[in-house]
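To start, the structure under review is shown below, and the notes come after it.
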Amino acid sequence: MAGSLDGFIARKDGRVDWLETSDEFAGGEAMDPGVVEAFLKTIDCYVMGSRTYETALRFEDQGLGWAYGDTPAFVLTSRELPRTRETVEFHSGDLTQFVNARLRPRFRQIWFVGGAEVCAECLRLGLADEVRYSILPIVIGDGLRLFEQLDRDVALHLTEVKAYKNGMVALRYQVR
Ligand SMILES: NC(=O)c1ccc[n+]([C@@H]2O[C@H](COP(=O)([O-])OP(=O)(O)OC[C@H]3O[C@@H](n4cnc5c(N)ncnc54)[C@H](OP(=O)(O)O)[C@@H]3O)[C@@H](O)[C@H]2O)c1
């Protein structure tokens, strides 16, 4: 997840226009597209909530492309949603059973894309091994909270911190 310094991952109406920041941090690392591409190749499947999927479809309609390539993408929903490509599958029902019985035997690196509700559910159910959160150099005051309505504490162990030239700080935690 990428969020504002004040802990929001989208505006209340779902917009993520503020993700395009224009800061410069001289001491930061350059974002190497080759490294990003190699990292994305390590992801074996994506899991996302229906509202995140709807945002991805809107991006596609605006000509911004599909962010998840040919990697399988599982969309959690109880609704009938448009299926625009064969790599997308829909699922409803018990998330623990779905992840442990259906996804884990097939996929090693399972990436929960979001949004706030699905990420909270994932942590609450104890399904996450690792949390990756990147803080962008902006404060937006209001919006959807990262891990919306998580009803318990989740202790983390910090494993990596990287600061980039664009002012983004990428944090990586193991769930304890
Ligand atoms: N900044 C970032 O890094 C980042 C990353 C990802 C997303 N986002 C943003 O986050 C926003 C969406 O977040 P959100 O919290 O509103 O929604 P979300 O987590 O994307 O989707 C929540 C919806 O998914 C469905 N769902 C969740 N768990 C389910 C389960 N176990 N079984 C069946 N369906 C389930 C339900 O919808 P149904 O009514 O369809 O059943 C639920 O309302 C978007 O604006 C997106 O752009 C930001």
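What to note about this one:
- Distance between the range 108-154 and the range 24-72 - C-alpha centres, whole angstrom: 16 Å
- Estimated from helical segments only, the mean residue ellipticity of the chain at 222 nm is -5000 deg cm²/dmol, where each DSSP H run of four or more residues counts as -39500 (n - 2.57).
- Near-label residues of the range 126-141 by backbone N, under 16 Å of a point 7 Å along Cα→Cβ of D44: 128-130
- Along the chain, the exposed loop sites are chymotrypsin sites (Phe, Trp or Tyr not before Pro) outside DSSP states H, G, I, E and B with at most 15 other Cβ atoms within 10 Å, and the longest stretch free of them is 67-176.
- Other residues with beta-carbon under 14 Å from the beta-carbon of T84 carry, at +1 per Lys or Arg and -1 per Asp or Glu, a net charge of -4.
- A Förster radius of 45 Å, combined with the Cβ-Cβ distance separating V154 from E60, puts the computed FRET efficiency at roughly 0.85.
- If you sort the three axes of the alpha carbon gyration tensor as a ≥ b ≥ c, you get a/c under 1.5 for the range 1-159, which makes it rounded.
- Here the spin labels are modelled as points 7 Å beyond Cα on the Cα-Cβ line, and at L171 and R106 they lie 3.3 nm apart.
- Within straight-line cross-link reach of K41, lysines at Cα separation under 25 Å, skipping those fewer than 8 residues along the same chain: K162, K165
- Only Lys, Arg (+1) and Asp, Glu (-1) charged, at Cβ; the chain dipole about Cα centre in debye: 440 debye
- Relative contact order of the chain, taken over Cα pairs closer than 8 Å and 6 or more residues apart, is 35 percent.
- Rounded if a/c under 1.5, otherwise prolate or oblate - the range 116-176, Cα gyration tensor axes: oblate
- Backbone amide hydrogens, once placed in the peptide plane, bring V47 within less than 5 Å of F74, W111, F112, V113, excluding anything fewer than 5 places away on its chain.
- Looking at the chain, the accessible area is 61 square angstrom per residue; that uses a 1.4 Å probe and ignores ligands, DNA and RNA.
- Computed accessible area, T42, all protein chains, 1.4 angstrom probe, square angstrom: 70 Å²
- Within the range 72-176, percent of DSSP bridges classed antiparallel, to nearest 5: 75 percent
- Once exposed loop GluC sites (Glu not before Pro) are cut out (DSSP; at most 12 other Cβ, 10 Å), longest piece of the chain: 87-176
The values are calculated or read from the model by the stated rules, or taken from the named source; none is laboratory data. Model, not experiment: these values are computed from the prediction. Ideal geometry is used to build each Cβ from the backbone, glycine not excepted, and the neighbour counts take in all protein chains shown. The protein model used for the area step is the full one, side chains on, heavy atoms only, and it has no ligands, DNA or RNA in it. Shrake-Rupley method; radii C 1.70, N 1.55, O 1.52, S 1.80 Å.
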